[in-house]
Every structure is written in C-alpha cells, then in structure tokens.
C-alpha cells in the first residue's frame, strides 16, 4: 500500500514540477539575459528535480526546492564560464512579441531588464526571486544558501542601484521632451 501511495505522490509532484516551468524560465532569463541559456538551465533544473524527487522531504516546499535547484544550475554555469557578462550586445527576451499598442509597457520592461542585467549576479538573483517571483526573504535565503541578512542587504543595494540606473536613463534620454507654454 505504501508503494502505491508513493507512486501517486510522485505522479502528483511531477505534474507540479511542470507547473513551475514558466516561473523558472522567467527567473533564468532575468539572471542570465539569454533565452537559450535560460531554457537549458530550466531543463537541467527540471531534470535534476525529477531525478531527485525522492529527496524532497516536504512537498509543500516544492516551489522553493525547484528554485534552489535552478540556482545551483546557474552557479555551476557561472563557475564553468568564469567570464564577465557583456550586457551591451545582448538581445532582450521577448522583444518582438509585444503588441504595438503596449509600446510604453514594452519599453519599460526593456529598460528594467537592461538595468537588472547591469546588477552584480548576487543582487540580480535576489531581486528577481523577491520581486519577480514573490519569494519571502527566508525562502530566498534557503534557495541561495545565504543568511537572511545577506538577502536583505543585497535586495536593498539592488533596488537602490536599479532606481539609480532607471532615473539616470530617464534624465539622459533624448526622448524626454519638456512642454512649453505657447501664448
């Protein structure tokens, strides 16, 4: 009977793993800025999760467990690569899939993505997990295997840096026009 119970549990969890694919992909794209690499990272994370499903102790923590696996895949990629990311030549994910009517939203999303790519990797990881995926500080600390205070300080620095980068872009933008009164 226990074998049947475990099989049912694993089948349910496999379905739930697949439900997290889009959120994992969004996070991976935010971390690496490359759609193809993000897809590879998500595939690797999902494969590892399916292989190690028996190690999941608390099924209620599946989402955090999946993001922790993705974080480990990302860290391994960075260790193998050991080079600085060149964000100047990167194309943004989903640039040409937005409707023309949402041009302002599209432009804002593009600017925020570019600004996120300018952040150091640890800050980029924290800001995307908290602000994009809605994880609590404690969950992010568990996913990234750092103290909660580190999560809070990285998030604070990341938000300040993003605010500065986005303000700087707005003030430097030639598209910003001032209205003048005409008499």
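Laid out as a table, the results:
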read-out	value
Proxy reagent accessibility, fewest Cβ within 10 Å first, across 128, 108, 150, 27	108, 150, 128, 27
Residue-span extension gain [residue 121 to residue 16] - 0.36 nm each, minus C-alpha spacing	35.0 nm
Sorted by Cβ density within 10 Å, fewest first, the residues 105, 130, 140	105, 130, 140
Efficiency of FRET from Cβ geometry, residue 43 and residue 146, R₀ 35 Å, rounded to 0.05	0.85
For region 42-63 versus region 115-163, the gap between their alpha-carbon centres in whole angstrom	22 Å
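Where a number appears in this text, it was derived from the coordinates with a stated rule and is not lab data. Remember, predicted model here, so these are calculated numbers, not experimental data. Note: ideal-geometry Cβ built from the backbone for every residue, glycine included; neighbour counts use all protein chains shown.
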